[in-house]
Every structure is written in structure tokens, then in C-alpha cells.
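*Asks:* One structure coming up, written as C-alpha cells, with questions to follow.
Just so you know, all these numbers are worked out from the coordinates, no wet-lab data involved. What you see is a predicted model, and the numbers here were worked out from it, not measured in a lab. Positions of Cβ are generated from backbone atoms using ideal geometry, with glycine treated the same way; all protein chains shown enter the neighbour counts.
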Amino acid sequence: MTLKPKNHQRPHLLRILLASLATLLLPLSLSSAAIADDENSPRTWTVQVGSESSDQAIQGMAFLPSNIYVNAGDKIKWEANSAEIHTVTFLAKGQPLKPFNPFDPQQLNRQGGTTYDGHSYYNSGIMANVSNTGFKEVEHYTLKFTHTGTFTYYCVVHGMVMKGTVHVRAAGTDYPFTQSQYDRQTKKEERKIVRDGEMQWEAARKQASNHKVIAGTDNETAMLMRFVHHDIVVHLGDTVTFVNTGMGAPHTVTFGHEPADVFAPVGNPKNFKGGDLSSGLMEPGDKFTVTFNKVGEFDYLCALHDYMGMVGEVEVRR
Ligand SMILES: [Cu+2]
């Protein structure tokens with residue numbers, strides 16, 4: 001009597017157990033099959049080009065992630081992530097990295113095909129996430145990698161300080177990181193760059209006065225694209241010194257019309273009475289001293305970074 005219900009229950013329990021096991025196993029076996037499938041088919045990875053604070057004041061000179069591991073057959077899609085212009089450029093074997101030349105089509109425009117051959121010159125062209133840079137810019141650039149090896153690329157605008165590395169391994173190799181792991185690392189790096197930029201901004205405020213304007217600053221990776229202080233008040237006959245206290249980025253101090261060649265100085269800074277006056281390209285450490293000999297409000301800008309908000313005003317009082 002006691003065995004009967006047990007005998008009846010056993011297959012019943014077993015069936016429930018098997019059914020619940022099946023429901024547990026089914027999605028597991030399906031998803032592991034999906035992962036295995038995914039691992040054997042080529043992937044497209046994403047790398048961010050540049051980074052910035054929401055007000056564009058702080059610009060990051062970085063490819064994020066800067067190191068990426070892919071397999072032969074995979075693609076990398078670089079996405080413009082800043083108002084500051086950058087490029088993704090693989091140099092040909094033995095080719096030197098030259099200073100940025102804003103008139104060189106080899107630097108400005110896309111070069112090379114869609115599959116990287118492992119040794120030739122490939123260039124994305126100018127990349128930015130805005131369309132008012134003054135260049136013909138692109139938002140993304142994709143290359144397929146078929147040759148295994150370690151390949152370094154640069155931004156031709158920012159030179160040696162802005163580089164990235166692609167590690168291409170044989171098809172089927174286990175990936176050391178997932179895209180979401182790279183993305184988390186990228187977010188962390190982006191926040192660090194903004195923090196570094198804010199610290200430089202704070203330091204610039206401490207150095208600045210009505211007679212000394214910090215015309216941008218940077219630590220090579222985090223760049224402050226602002227004049228500090230952007231609005232100043234001086235008296236007739238006073239001089240103001242603009243200083244680029246950075247390590248990497250050039251800037252200009254430009255009153256009046258933007259010159260066609262931003263590299264060349266315009267006007268006489270010893271006797272400014274309004275009109276066109278430009279420092280020319282101010283490299284890190286350069287100073288530009290202006291004597292204001294006219295009462296009024298004079299707007300100026302950095303001809304390279306004005307579209308990010310790098311503008312200022314000097315009010316000259318009697
Ligand atoms: Cu600038």
C-alpha cells in the first residue's frame with residue numbers, strides 16, 4: 001500500500017524533474033551554441049577617436065581603447081567622438097610621421113582601401129563629430145584586418161602623442177576582452193581625461209589676471225580649449241600677454257577677420273587700435289603681447305578651436 005503511491009509518484013516526479021532540467025538546459029545549450037557560432041564568424045569592433053567634455057572645453061587626445069585585440073577577418077570601426085579633429089593613420093613601412101599640414105591631401109583625405117594590407121599608407125581623412133571644423137570631415141572609418149601582426153596607427157594632427165595599436169591574431173584565437181569590457185575601460189579613461197582637464201582649468205584660473213590670459217593649456221592628452229579668463233577689462237595703453245601653457249596643442253589669438261593662413265601673424269601687436277590682428281600659430285610655451293591703444297570691446301578667438309567655444313573679449317576702458 002505504501003509502495004503504490006510511491007511507484008505512482010516516482011515517474012511523475014522524474015518527469016517534472018526532467019522537464020525542468022530541459023527548460024533549464026534548453027536556453028543554455030542554445031546560447032552557448034550562439035556564442036560558439038559568434039566566435040568563429042568575423043566580428044566588427046569599435047574604437048572611439050578622441051573624447052570630450054559635454055561643453056567641448058576639454059578635448060582628449062586618445063584612441064579608446066588604445067590597444068585592441070582582434071582576429072584575422074575581423075573589422076574595426078573607428079567612430080569620431082570629439083569636435084577636435086583627428087585621423088586614423090597607418091604609415092607605410094619606413095614612412096616618417098610628419099607634422100600636420102592642413103593643406104596636404106594625403107593627410108586630409110581618405111587613402112587606401114577597405115582591407116588593411118599590413119604595410120601601406122592608410123588614412124581615414126579628417127574625423128570629427130561636428131561639421132563646422134573647416135575641414136571635410138568623416139564620422140567613421142572601417143578597416144578589415146586579414147594579416148596577423150601588431151600594427152600601430154597615429155593621428156596625423158596630433159602626432160606621436162596620439163597613437164593606437166591593433167593586435168591581429170589568427171582566426172579562431174580566443175579574444176582576451178569583449179567589446180563591453182573595452183567600452184567600460186573607455187568610459188573610465190574618458191572620465192579621467194575630463195578630470196585632468198578640469199584640474200588644468202583650475203590651475204589656469206589661478207595663474208590668470210586681467211593682464212595675463214592663458215591661451216589654452218594641455219598635458220598632451222587632456223587639452224583645455226579655452227581662454228582663461230575669456231573676458232578681461234584693461235585700461236587704455238595697457239598690455240596683455242596671452243600664453244599657451246600647454247605641451248602639445250597650438251592655438252592662435254585672433255582679433256578681427258580670421259586670416260586665410262592661420263599660421264602667419266597679422267598686424268602690429270605693439271599698437272592695437274582695433275581691426276585685424278593675429279598671433280599666428282602659438283606653439284606650447286609661446287607668448288603674444290598686445291598693447292591696447294583704443295577704448296572699446298574687442299572680440300577675439302582661437303582660429304583653430306573657436307567652434308568649440310575658444311573665444312574671448314578684451315574691454316578697454318579709459
Ligand atoms: Cu586653440
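*Asks:* Check which residues have an amide H placed less than 5 Å from residue 226's amide H, if you skip close sequence neighbours.
*Replies:* Excluding prolines and chain starts, which carry no amide H, the hits are 216, 217.
*Asks:* Which of 295, 234 comes first, and how do the rest follow, when ranked by fewest Cβ neighbours within 10 Å?
*Replies:* So the residues, fewest neighbours to most, are 295, 234.
*Asks:* Residue by residue through the stretch 220-226, which ³J(HN,Hα) values in whole Hz follow from phi under the Karplus form 6.51 cos²θ - 1.76 cosθ + 1.60 (θ = phi - 60°), with glycine and proline marked x?
*Replies:* 6, 9, 9, 10, 8, 9, 9
*Asks:* Taking K and R as +1 and D and E as -1, what net charge do the other residues with C-beta under 12 Å from the C-beta of residue 249 add up to?
*Replies:* -4
*Asks:* Once both labels are modelled 7 Å past Cα along the beta-carbon direction, what's the residue 188-residue 297 spacing in nm?
*Replies:* Once both label points are built, they end up 4.7 nm from each other.
*Asks:* For the stretch 42-196, what does the alpha-carbon gyration tensor say about shape, rounded, prolate or oblate, given a ≥ b ≥ c as the root eigenvalues, a/c under 1.5 as rounded, and a/b over b/c as prolate?
*Replies:* Oblate shape, in that a/c is at least 1.5 and b/c is the bigger or equal ratio.
*Asks:* Under a plain spin-label model, where a point goes 7 Å from the Cα along Cα-to-Cβ, how far apart in nm are residue 55 and residue 239?
*Replies:* 3.1 nm
*Asks:* I would also like to ask the following. Compute the angle between helix 3-40 and the longest alpha-carbon principal axis of the chain, please, reported from 0 to 90 degrees and rounded to the nearest 10.
*Replies:* Relative to the chain, helix 3-40 is tipped by roughly 40 degrees.
*Asks:* If we count every other residue with Cβ under 12 angstrom of residue 109's Cβ, Lys/Arg +1 and Asp/Glu -1, where does the sum land?
*Replies:* 0
*Asks:* Say R0 is 25 Å: what FRET efficiency, to the nearest 0.05, do residue 146 and residue 174 get from their beta-carbon distance?
*Replies:* For R0 = 25 Å, the calculated efficiency reads 0.85.
*Asks:* A further question follows. Would you grab the residues whose amide H sits under 5 Å from the one on residue 236? Only those 5+ places off in sequence or on another chain, please, with H modelled 1.01 Å from N.
*Replies:* Amide H to amide H, under 5 Å and 5 or more residues apart or across chains, residue 236 pairs with 317, 318.
*Asks:* Find, among the trypsin sites (Lys or Arg not before Pro) in the stretch 131-181, those assigned to loop by DSSP (not H, G, I, E, B) with at most 14 other beta-carbon atoms within 10 angstrom.
*Replies:* Hits after loop and neighbour filter: 136.
*Asks:* With θ taken as phi - 60° and the coefficients 6.51, -1.76 and 1.60, list the Karplus ³J(HN,Hα) couplings across the stretch 124-136 in order, rounded to whole Hz; mark glycine and proline as x.
*Replies:* 6, x, 5, 10, 7, 9, 10, 10, 10, 7, x, 10, 8
*Asks:* Can you run phi through the Karplus equation (6.51, -1.76, 1.60; θ = phi - 60°) for the stretch 159-171 and list ³J(HN,Hα) in whole Hz, with x for Gly and Pro?
*Replies:* Values, residue by residue: x, 4, 6, 10, 9, x, 10, 10, 9, 9, 10, 4, 3 Hz.
*Asks:* Could you work out the local net charge near residue 190, counting Lys and Arg as +1, Asp and Glu as -1, over the other residues with Cβ closer than 15 Å to its Cβ?
*Replies:* Computed value for this residue: -2.
*Asks:* With labels modelled as points extended 7 Å from the Cα through the Cβ direction, what inter-label distance (nm, one decimal) is found for residue 318 paired with residue 268?
*Replies:* Distance between the two pseudo-spin positions: 2.5 nm.
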